[in-house]
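Contents: one structure, followed by commentary.
The values are calculated or read from the model by the stated rules, or taken from the named source; none is laboratory data. Just so it is clear, the structure is predicted and the values come from calculations on it, not from any experiment. Glycine also receives a Cβ, built like all others from the backbone with ideal geometry; neighbour counts cover every protein chain displayed. Areas reflect the complete protein model, heavy atoms only, side chains present, ligands, DNA and RNA absent. Shrake-Rupley method; radii C 1.70, N 1.55, O 1.52, S 1.80 Å.
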Amino acid sequence: MSSLTFHWFLPTSGDSRDVVGGGHGAPDTGTGRRPPTVAYLGQIARAAEDLGFLGALTPTGAWCEDAWLTTAMVSQATERLKFLVAFRPGFVSPTLAAQMASTYQRQTGGRLLLNVVTGGESSEQRAYGDFLDKDARYRRTGEFLHVVRELWRGGTVDLDGEHLRVEQARLTRVPDPVPEVYFGGSSPAAIEVAARHADVYLTWGEPPAQVAGKIARLREAAARAGRTLRFGIRLHVIARDTAADAWAEAHRLLDGFDPATVREAQANLARSESEGQRRMLALHGGSRDDLEIHPNLWAGIGLVRGGAGTALVGDHDEIADRIAEYHALGIDEFVLSGYPHLEEAYWFGEGVLPRLAARGLWRHPARAGVEADGPVLPVAV
């Protein structure tokens, strides 16, 4: 039976019953009502693990807590949950990053996944001491991933590249298992790096027709490199027992967007160098009207938040239908989030996942290899 993979999200810039902005030039709307303490993030992580999410994405940037340190601490509150750690390859040497990943695998029992973020905003990159332009950053990322992957294979690496140089680089202990690399980006430079180095290509939640076109481009580029990729999508979610309740929650979030904050966010996001961010902005054009851009796909989050700006909104069966629609295009992994992240994990985990299990599309990771006669319910471990 084919089984979809679901990941949740750790809100390391703070959580709230309203949308917490930040990223890609959007103004940081603060930590909300729930600071990102290890205790609170641990609650979210344990809920995600019990409900059947395989992993949890943790973002990177000046607007949130450090992903490596935070997840290393939160991992101690869980037993099985993996951590999709976002990191920027230009900020540490490839040898050190390979060593960090190897240590992480040993200390957590192999629960690290890596989300490589090249960095779409030169102004933020410069704050960290990185003065390369966007295309050069992608070329450096390719060199970085070449070194890291060779080290993980147990090789000794010599590289005198355009941006990186290492001599006789080698790991004393290689990671087991080798972390899978998740990678996103919509520009031609990003697609080439993904085709050569990624295990899973992540797209933000565009309408299915646009996602299908992106998957086709990635498959062609990967084939030229003699490789194949898996595909994932990053979305928010508002799932309720009835569609009316779900849309009422979406409208409540929208009503909480201060017009001045929306204008500031849109002005800042319009200056983003990220092609993916440009595509997100095009979905709504900064307007509060016509935000349902595909059945059950709502672009309202992107009015104030950088990065992933769309949400699946509807009753549990409608959300399951949309997930099946994306799956038919080739999407096997879903990285989801919702405000607040603790409660929304339960809405999705208790409402949508059992319906996907009943359709034969998902099974709880704790029951891998066990045939289920009916919907798989969350289990505490």
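Entry remark, the range 10-58: residues being at pLDDT 95 or above, in a loop (DSSP other than H, G, I, E, B) and within 15 Å of the chain's Cα centre (by Cα) number 5 in total. Of all residues in the range 131-151, those satisfying the criterion of being open to solvent by 10 Å² or more (accessible area, probe 1.4 Å) and either under 21 Å from Met100 (Cα atoms) or not in a loop (DSSP other than H, G, I, E, B) (or both) are Lys134, Asp135, Tyr138, Arg139, Arg140, Gly142, Glu143, His146, Arg149, Glu150.
For residues in the range 270-283 being open to solvent by 40 Å² or more (accessible area, probe 1.4 Å), touching a helix residue (DSSP H, G or I) at 6+ places or on another chain (Cβ under 9 Å) and assigned to a helix (DSSP H, G or I), which is nearest to Ala311 (Cα to Cα)? If we take residues in the range 270-283 being open to solvent by 40 Å² or more (accessible area, probe 1.4 Å), touching a helix residue (DSSP H, G or I) at 6+ places or on another chain (Cβ under 9 Å) and assigned to a helix (DSSP H, G or I), then Arg279 is nearest to Ala311 (Cα to Cα). Per the conditions (1) small (Gly, Ala, Ser); (2) modelled with pLDDT of 95 or more; (3) open to solvent by less than 10 Å² (accessible area, probe 1.4 Å), the sole criterion not satisfied by Ala324 is (3). Take the residues in the range 251-269 that are in contact (Cβ under 8 Å) with a residue 12 or more places away in the chain and of a type in the set (Gly, Ala, Ser); name whichever of them is surrounded by the most Cβ atoms within 10 Å (Cβ to Cβ). Once the filter is applied, the top-ranked residue is Ala265.
Note on the range 160-194: among residues that are over 20 Å from Phe83 (Cα atoms) and touching a Gly at 6+ places or on another chain (Cβ under 6 Å), the one that is modelled with the highest pLDDT is Val193. Restricting the range 284-304 to residues that are in contact (Cβ under 8 Å) with a residue 40 or more places away in the chain and buried (at least 22 other Cβ atoms within 10 Å of the Cβ) leaves a set whose member that is farthest from Val19 (Cα to Cα) is Leu297.
Which of the following residues is modelled with pLDDT of 95 or more, closer than 23 Å to Ile319 by Cβ and out of contact with any Ser or Thr (no Cβ under 8 Å at 6 or more places or on another chain): Arg252, Arg234, Arg227?
On the way: Arg234 fails: out of contact with any Ser or Thr (no Cβ under 8 Å at 6 or more places or on another chain); Arg227 fails: closer than 23 Å to Ile319 by Cβ.
Just a single option satisfies the conditions, and that option is Arg252.
Is there a residue being under 27 Å from Gln277 (Cα atoms), at pLDDT 95 or above and touching a Gly at 6+ places or on another chain (Cβ under 8 Å) anywhere in the range 97-113? The answer is yes; a qualifying residue exists.
Within the range 48-73, track down each residue that is open to solvent by less than 10 Å² (accessible area, probe 1.4 Å), under 21 Å from Arg363 (Cβ atoms) and aliphatic (A, V, I, L, M). Scanning the range 48-73 gives Ala48, Leu51, Ala56.
Pairing residues of the range 203-218 that are free of Cβ contacts under 8 Å to residues at least 60 places away in the same chain and farther than 17 Å from Pro188 by Cβ with residues that are open to solvent by 10 Å² or more (accessible area, probe 1.4 Å) and not polar (S, T, N, Q), at Cβ distances under 6 Å and at least 6 apart in sequence or on separate chains, gives no pairs at all.
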